[in-house]
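Bear in mind these aren't lab numbers, they're just calculated from the coordinates by the rules spelled out. Nothing here was measured: the structure is a model prediction, and the numbers come from that model. Cβ atoms come from the backbone with ideal geometry, glycine included; neighbour counts cover every protein chain shown.
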């Protein structure tokens with residue numbers, strides 16, 4: 001699996017979220033941006049466990065993604081973040097990203113991987129990115145595919 005197309009496909013999937021009325025559209029990148037237009041989702045750290053099956057048959061990727069929300073109003077910002085981190089619903093990043101798994105029997109991410117699963121949320125806190133503070137969290141995505 002090549003990292004760049006995987007990361008871009010995850011960002012494309014995240015764009016499907018529908019935020020509550022009155023909240024700016026979620027911007028998404030498959031890379032760590034220099035600056036963000038909040039709310040923003042991006043793919044960050046990428047780790048690979050190679051050779052999980054013989055003959056380079058399977059690699060397992062753990063992708064750490066972040067979502068950052070502006071902090072103009074602490075309570076409203078955290079409500080927006082909470083809707084993005086929900087386990088289901090139209091604003092759920094988990095739901096949007098896992099929709100890229102495809103139909104049963106299909107490869108995930110348009111054929112880039114065998115499967116993926118959003119396994120956990122962590123690090124709900126204040127983040128500093130490019131000199132600006134945001135409330136945010138990390139999503140961990142497990143992706144499996146050919147080596």
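Could you please state, rounded to a whole Å, how far the C-alpha centre of region 100-134 is from the C-alpha centre of region 63-90? First find each Cα centre; the distance between them is then 14 Å. Dimensions of region 54-93 along the principal axes, based on C-alpha atoms and rounded to the nearest Å, stand at 53, 20, 9, largest first.
One quarter of the convex hull surface built on the alpha carbon atoms of region 76-120 amounts to 3.6 nm², the projected area averaged over directions.
When the P(r) is computed for the chain, the part past 17 Å accounts for 59% of the Cα-Cα pairs.
Hydrodynamic estimate: the Kirkwood radius of region 2-73 over Cα pairs, inserted into Stokes-Einstein at 4 °C and 1.567 mPa s, corresponds to D of 94 µm²/s. Annotation for residue 46 and residue 19: the two label points, set 7 Å from Cα along the Cα-Cβ direction, are 2.6 nm apart. In summary, region 45-130 shows an alpha-carbon radius of gyration equal to 1.35 times the 2.2 N^0.38 Å reference for compact globular proteins.
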